[in-house]
1. Quickly work out the GLU159-to-LEU461 label distance, labels modelled 7 Å from Cα along the C-beta direction, and quote it in nm with one decimal.
2. Assuming R0 = 30 Å, what is the FRET efficiency of ALA353 and SER394, from their Cβ-Cβ distance, to the nearest 0.05?
3. Holding the Cα-Cα limit at 21 Å, pick out from LYS581/LYS616; LYS564/LYS729; LYS418/LYS445 the pairs that are longer than that.
4. To the nearest 0.05, how large is the calculated FRET efficiency for GLU444 and LEU51 if R₀ is 60 Å and r is the Cβ-Cβ distance?
5. Roughly how many whole Å is it from the C-alpha centroid of segment 46-64 to that of segment 697-711?
6. What is the percent carbon and sulfur in the accessible area of segment 640-750, measuring with a 1.4 Å probe over the protein chains and ignoring ligands?
7. Just in segment 130-195: which trypsin sites (Lys or Arg not before Pro) are loop by DSSP and have at most 15 other Cβ atoms within 10 Å?
8. Suppose the chain between ALA671 and ARG226 were pulled fully straight at 0.36 nm per residue; how much longer would it get relative to their current alpha carbon spacing?
Amino acid sequence: MERKSTDQSLFMKIFLSFLSIIVLFTLFHIFSFAFIISNVQKRVIASNQQLLAESTDKFDYYFSRVQMMLHSLYNDKAVSEFAGQLRRAPQEQPDYWLAKDTVASIRRESFNPYLYLQALIIQYGSASVTLDQAGSSSEEDMFGRAYASSDYPLSFWKEPTRQTFRLLPAASFHRSDELREDKLLLPYAFEVLSADYRVIALIDIQQVLGAFFTSDESRALLIRDREGKTLLATGGQEVQELPTMDGDSGYLHAGDSYYFWQTDSEGRRYISSVPQNSIASQAQKLSLGLLLIAAMSIVIALFASYVFSNRIHRPVKRMLSELMHPNADQLNSGIKEFNLIHANMRELVREKASIQEEIARHSSILTSYGYMNKLKSINHDIQEWNEFLAMDESYHIVLYTLRLRPAGLAASQIPVEKALYALREHIGFICTGTFPDSHTFQMEKDQILSVIKGRQREGILNMLRKLKSIVDRDHEYYLVTAAVSSHFEHSSQFNYAYDQVIGMSRRSLLLEEMQIFADSGGSVPATIFFNNMQQQELHAAIQSGQPENMLSIVERRLDELHEKQATAEQFRKAVEEWTAKLLHSLERSGVAAQTDWQLKSSLRQLGECCTLAEYKDGFRRLFWHAGGLMQERAEQIGDPVINRVLQIVDEEYREELSLDYLSGKLNMSSAYLSAYIKEKTGENFTEHLNRTRLRNAQQLLAQTEGGIADIGKQVGYHNASSFNRMFKKWTGQSPSEYRRSVHFTEEAEG
């Protein structure tokens with residue numbers, strides 16, 4: 001009996017995942033709401049305290065500005081001069097031209113929108129004259145008609161006072177008895193006790209409240225001065241009996257209200273009362289709002305979870321159906337990636353069907369081919385070659401020419417085959433990753449070729465720039481030159497394309513970086529050859545056996561090639577010409593150059609050079625050894641004294657040889673013997689001794705596995721550092737580097 005599958009569908013898994021996230025967020029919100037609701041009343045009380053504190057600061061700053069304005073106006077020059085004129089001639093008609101300047105000063109201050117003034121009055125008591133922003137009038141007219149108030153009749157303003165600044169309780173003022181227009185104004189007066197005039201500001205307290213106190217029907221404000229006298233009461237509430245309030249600020253709950261108080265810098269106390277039911281109502285509104293938001297969030301999240309789960313599941317279900325039952329309908333999902341996956345999947349299904357059909361038709365051929373491939377180890381590129389030759393599309397080819405650097409590979413102990421395989425796989429990976437229909441082949445040991453379909457020249461150059469940034473990191477192991485062909489239409493033109501990139505790759509220079517050539521029209525500088533005089537000079541230097549002379553001549557030619565931007569191939573051909581001349585001269589001198597293994601090793605290292613410095617270093621090693629061979633040949637057929645000296649050096653180089661020892665054996669003075677050796681051979685005794693010792697050290701390093709210090713002692717150097725220093729000076733390599741390079745070369749050839 002078939003067991004029923006318990007696996008959930010993709011839709012259910014996605015939907016349940018969304019639900020789990022919603023549950024987590026819901027729990028988080030529930031705990032958050034519970035915490036907030038439990039602290040709502042505290043937050044409302046703190047908010048009321050904050051509002052009152054802000055209002056207190058604003059009122060304090062406002063009253064200080066009004067106070068400064070009153071003081072400034074009182075001391076205004078025009079105001080004081082008019083007061084003086086009234087004092088000097090109280091019975092005369094006042095000089096109202098002088099009062100004109102005073103009225104101008106009053107208007108300048110009273111029309112300031114940030115002072116919220118209804119009127120600004122200067123009362124000259126001695127002359128019963130008043131001035132305001134409208135002009136001049138008598139005291140009876142100003143305080144009996146223009147600004148009449150039952151709380152502040154004319155008699156009030158005529159009474160003397162001992163206070164400089166007086167902030168009086170707010171009262172109702174009206175224009176006249178006939179047309180009453182009551183307005184709540186807050187008087188603020190200033191006078192100097194010895195003077196006979198005062199400045200009175202009538203503040204429109206309703207505007208001030210609207211600007212500085214955030215109020216509603218439930219909040220009332222009470223302002224009291226330092227002595228406890230009520231200056232202003234709002235909200236229509238009786239606040240005569242208040243609970244005891246200690247400290248400059250705070251709040252308390254008494255009866256059915258909360259009381260908040262704050263004291264400003266002048267000792268005025270601002271008291272705000274809020275009914276308890278108002279605070280409870282605010283807390284309830286906030287709680288209901290939070291719960292409503294939470295409920296709406298959950299509903300929206302559930303709906304979005306269902307919609308998105310279905311939106312993801314539907315195209316996946318369609319693609320699975322396509323795999324089971326292929327059809328020609330195109331998927332039209334709102335998700336671009338699903339459409340792309342579906343299109344590629346349909347293409348893969350068609351390719352699979354085509355491949356299966358092809359395999360069924362040629363099964364016997366494939367079986368035979370697989371068998372023969374195992375027997376003969378046929379290259380795996382054959383199938384790709386067949387596909388390329390059979391295609392009928394346009395293409396570009398890219399040829400990668402490799403120049404291996406055996407010294408770097410030997411130092412890192414990397415086999416040549418492994419390095420070549422890794423490079424080819426890397427090139428193929430990057431090329432296929434950028435151009436999926438491309439093919440990459442190993443043409444020769446030093447050549448890799450990629451075939452890229454279509455007209456994609458700019459894309460190829462971008463790919464090569466990316467490859468360059470990677471390959472240049474390994475420039476000590478190999479150097480790469482990439483040549484991009486023109487656009488070709490058919491595989492039958494492959495030979496022309498290949499010849500084109502071969503020609504382009506020959507323009508490669510001696511650079512330690514990847515070089516890219518995409519223009520087939522470039523020119524190559526003419527190769528520099530030796531003229532007759534230079535050939536004779538080189539031949540003479542070889543015959544003399546002087547390495548320095550030979551190296552000086554060749555280095556000049558190398559520098560000329562480098563200055564003229566010669567290609568790597570031109571350097572190689574020039575080097576082949578110069579080494580052929582060297583071998584010819586050695587053979588003519590009777591030196592068996594073809595059988596000397598050290599000379600062959602130096603020639604092989606020259607063929608592996610990739611930079612100008614490497615060529616110079618390679619020629620130095622070659623000429624050093626060739627000079628030694630010429631010296632040995634000269635010694636075989638030359639002066640008997642020199643022959644005897646060289647014989648002793650060859651036989652006893654392992655010992656502590658010295659010029660005094662040699663002169664004693666030959667019955668000659670050491671000074672004369674030294675000059676004689678230098679004259680006859682061109683080198684002093686020490687140079688002959690070091691050459692012999694180091695030549696034997698090279699042989700021991702190449703043919704034995706002995707320690708470097710032990711080999712140094714065997715050839716006469718009992719100090720290891722002296723041996724290392726001398727070996728590097730004469731050969732350009734340390735003993736360990738020399739041994740690795742020789743072994744690496746032997747492995748590569750083997």
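The values are calculated or read from the model by the stated rules, or taken from the named source; none is laboratory data. Nothing here was measured: the structure is a model prediction, and the numbers come from that model. All Cβ positions, even for glycine, are placed from backbone atoms using ideal geometry, and neighbour counts span all protein chains on display. Just the protein is used for accessible areas: all its heavy atoms, side chains included, with ligands, DNA and RNA removed. Shrake-Rupley method; radii C 1.70, N 1.55, O 1.52, S 1.80 Å.
1. Each label point lies 7 Å from its Cα, and together they span 10.0 nm.
2. On the way: r = 27 Å, r/R0 = 0.90.
E between ALA353 and SER394, to the nearest 0.05, is 0.65.
3. Details: LYS581/LYS616 17 Å; LYS564/LYS729 31 Å; LYS418/LYS445 12 Å.
Cα-Cα > 21 Å for LYS564/LYS729; rest within.
4. Numbers: r = 88 Å, r/R0 = 1.47.
Approximately 0.10, to the nearest 0.05.
5. What the calculation gives is 97 Å, centre to centre.
6. Carbon with sulfur: 47 percent of the solvent-accessible area.
7. Sparse-neighbourhood loop trypsin sites (Lys or Arg not before Pro): ARG162, ARG175, ARG180.
8. Fully extending the segment from ALA671 to ARG226 adds 148.1 nm.
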